[in-house]
Structures are given as structure tokens and as C-alpha cells.
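Laboratory data are not the source of any read-out in this text; all were calculated from the coordinates shown. Keep in mind that what you see is a predicted model, and the values were worked out from it rather than measured. Quick reminder, even Gly has a Cβ in these numbers, built from the backbone with ideal geometry, and neighbours come from all protein chains shown.
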Amino acid sequence: MTGQPTVTQSPGDPASHEADLAYKLRSASDAELTAILEAADDADVAMHQPGALTRPVTRAAPGTAEVVLLGALGCRYGMLAGGAGGYLLRTPATSILVDPGPAALGILATAHGTWFSWTELDAVACTHFHPDHYTGIIPCLEAMASHAAPGSPRKLLLANPTTTARFTAFSPYHAGGMADVITLAHPATEGHGELAVKVGDLTVHAVPAAHTEEAGRHRAAIGLAFATSAGGIWHTSDTTLADGLLEAVADILPDVTLVIAHADASNLSTDPARAAVCHLQSRDVLPIVTALQPRDVIIQHYDAAYSAPAYRIAQAVWLQRQLDRASQSTRVVPGINGLHVTLDPEGICGWDIPLTDPPAPAISSYLQAVLGGRH
């Protein structure tokens, strides 16, 4: 045919090697092809044996905890921008993957064998049944269970009532077959479940949230509070600053080291329609800090319109100035894909950004100024 592009390959090109392999296999004998197919069968059987896929596990140092953001964006358009993914929480004996959205699986699959191992996971947690929070649950459950070390405790799926009901009905092979399912709920939320569960050296508490999970269900979603040796960590998840929320968190965590805040919108105007959003807003950070006195606040879950580094840094600087004027010592940290922070009881004591992300240079510069050098 005329008009078709001509593809030339040098002997050193990967494409050339693939073409050479295809040629060899097309010329192979039946016995040679059978040997390849049987070897793959043997490898498949071996992969499914307990412990066959385990890798070395990285844990937080004694007295510390680590948080790694697996996509700092969220909401519908945040997913389209490729950045909705939750985070990984590590303590000296436990690792929990929280709200794995569509970005989390790709990040962790790429990182497996470097700074992360599927073997380290003890549980997957999900706060509510929205796709930017649950899309990665099934493949991450499979990876967690398949890489479990022999003799390790059963893996867990911790989730709010809606998520456990949906996943148990949709895929009992995963929810129950690959991991024990524990429903978490707070008395102020819709549905029933455990108020707290112990996972290794970590206690996970359900916290109320005000967020429309589905039509007619505004109180089924939850936030999470973690009691760690580095202090309390409150993950707001998606919520507004509803009456009683801060009191509920303070009852569970009298000492808060870190707040992971889904404060994705500025909404500095007083337009009632604009202010009636379903997530925390920038202005909500000040009452949170005043009530809980955390050492640090990490902003996460930016929608796409708020994803530019100029916005993230401007929001953090604006908030920091409000807190400074109110004589609050809390530091505000803008989120970014892959942000890895280490906590001790005094707050963030080390940080790094192991992923390549376009906003990284500007946000790294801000973090250098606010948190000091990387450790």
C-alpha cells in the first residue's frame, strides 16, 4: 500500500528485540511452544502459594508514623486530572492504605519493590462509597492478600456501612474471601458498625462526617482518627464543618499531631450558593486548628480547578497568615502526589517527594521554607 509510514528499527531498539522474538516464536517447534506454556503454568501455580510474592517490608521508626499521599487531588475532575488516590499510613508495626482512588494503584504498583511493598499492608480502609475513594479497593485487596507473608494475620477491609454492604454483595471473593470485613461507624452516623478497631500497633476510630454519599444519605460517610505513638492523626475525609464534629474528634483524640484536611475549596466569598459545598473550605481550617491545636495540617483532595501549584501554595500562605495572626503555631502543608512525611509527637520531622510531579519544584521550595530541609 502506498502512503503507509515506513518503520525502521536499529538492532539495539527494544522494538527490534520484540520483533526478533516474534520471528523466533513463529518459527519455533511445537515442543518449544509447549515448554513456554507449561513454564507459565508452573509460574502461575507458584505465585499463588502463600509467601511466594513477599518482599522486604519498610516500617516507620519507633515513636514515629509516616504518611504518603497517593494522589493529592480528588472529586470528579480531580480524578480526570489523574490525582485522586488517598494515602498510605505507616507505624512501626502496621501499614494501612486509606481511600485508594484511581491514582493509588498505579503509584503503588510502580513503587512496589522500592520504597513500598504490598507485603507491608495490613488493611485497606474506605470512608465512603464515592469513586475517588474506593476505585482502587479491589486490585489493592488482591495485591495485599497475594503478597501476604506466611502466618501473618488475616488482612482487613475497614469501611463505612455503605461500602461494606456494597462490596460484600458485589464481590464476596474479595470482601471476606481475601480480607476480613469490619464495618466502622460512629453513633452520629447512619448505619451500624464498630466505633474502633485495633490493627497491629494502631487504633483506628470512626469519626462522624457530613457528606452526601448517595441520595438521602448525608450521614453514612465517616472520617478516621488514628491513635499512634507519634500522636493523633485525624483524616477529615469529605465533610463539612458540621455541628459537633470537632467535639467528636477531640473526645477520641485529646492530642492531635496531624490533620489531613480535605479543604479543597477557597470559597472566600459569602455567596450562600457557593458556600453550600460538601467539603471543607479554606476558612474552616482556622476553627479546626483553634479547637484541636494540631502541630501540622496537610491539605489534600484538591479538585482540578485548585490543582495548580500557584493555588496550593497561595492557599497555604493565606492560611498560615491567618493562623499566625491568631497566635496559632500550627503549620499548613500543601499536598502533592507522593508527599511523604514522617511524624513524631512534635509534628512533621522529615519529608520527601519520591514521585515526579509537575508541581513538585514549587511546592518543594515552599516546604523547604516551612518545614526545613528534607530528611
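For segment 257-372, give me the percentage of DSSP beta bridges that are antiparallel, rounded to the nearest 5 percent.
Values: 5 of 15 bridges.
Bridges in segment 257-372 that DSSP calls antiparallel: roughly 35 percent.
Using the Cα centre as the reference, give the magnitude of the dipole from point charges on the C-beta atoms of segment 19-102 (Lys, Arg: +1; Asp, Glu: -1; all else neutral), rounded to the nearest 20 debye. Let's see the in-between values first.
Working: 6 positive and 9 negative charges, 122 e Å.
Approximately 580 debye in magnitude.
Could you give the semi-axes, largest first, of the ellipsoid that matches the chain, computed as the square roots of 5 times the alpha carbon gyration tensor eigenvalues and rounded to whole Å?
Over the Cα atoms of the chain, the semi-axes work out to 39, 26, 21 Å.
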Next on the checklist: Nearest 10 degrees is fine. How inclined is helix 102-111 to the longest principal axis of the chain, computing both from alpha carbons?
Outcome noted: 60
Next on the checklist: Between 0 and 90 degrees, rounded to the nearest ten: what's the tilt of helix 161-170 against the longest Cα principal axis of the chain?
Outcome noted: 20
Checklist entry - Taking amide hydrogens as modeled 1.01 Å from N in the peptide plane, which residues meet the under 5 Å criterion relative to Thr240, leaving out close sequence neighbours? => result Ala210
Item to check | Label-point separation, Tyr77 to Ala19 (7 Å along Cα→Cβ), nm | outcome: 4.5
Next on the checklist: With +1 assigned to the C-beta of every Lys and Arg and -1 to the C-beta of every Asp and Glu, and no other charges, what is the dipole magnitude of the chain about the Cα centre in debye, to the nearest 20?
Outcome noted: 800
Checklist entry - So for the chain: antiparallel DSSP bridges make up what percent, rounded to the nearest 5? => result 55
Checklist outcome for this item: A chain fully extended from Val317 to Ser27 at 0.36 nm per residue, minus the present Cα-Cα distance, gains in nm 97.9 nm
Checklist entry - Given H placed on each backbone N at 1.01 Å, which residues far from Gly335 in sequence or on other chains put an amide H within less than 5 Å of it? => result Ile299
Checklist entry - Under the definition of Cα pairs under 8 Å and six or more residues apart, what whole-number percent is the relative contact order of segment 65-371? => result 16
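Rank-order 215-222, 322-329 by packing density, defined as the average count of other C-beta atoms within 10 Å over each peptide's residues, highest first. Provide the component values of the computation, followed by the final result.
Numbers: 215-222: 19.1, 322-329: 12.4.
Result, highest mean first: 215-222, 322-329.
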Checklist outcome for this item: So, for the Cα atoms of segment 150-273, Rg and Dmax in Å stand at 15.9, 57
Next on the checklist: Among Ala261, Ala165, Ala103, whose Cα projects farthest towards the positive end of the dipole of the chain, with charges put on the beta-carbon of Lys, Arg (+1) and Asp, Glu (-1)?
Outcome noted: Ala261
Item to check | Charge dipole of the chain about the Cα centre (unit charges at C-beta), most positive-ward option of Gly232, Ala22, Met79 | outcome: Gly232
Checklist entry - Computed over the Cα atoms of segment 68-148, what is the convex hull's projected area averaged over all directions, in nm²? => result 4.8
Item to check | Ranked packing of 282-290, 92-100, most packed first, by mean Cβ within 10 Å | outcome: 92-100, 282-290
Checklist entry - If one takes the longest principal axis of the Cα atoms in the chain, at what angle in degrees, from 0 to 90 and to the nearest 10, does the Cα axis of helix 14-26 lie? => result 50
Checklist outcome for this item: FRET efficiency (Asp255, Arg325; Cβ distance; R0 30 Å; to 0.05) is 0.75
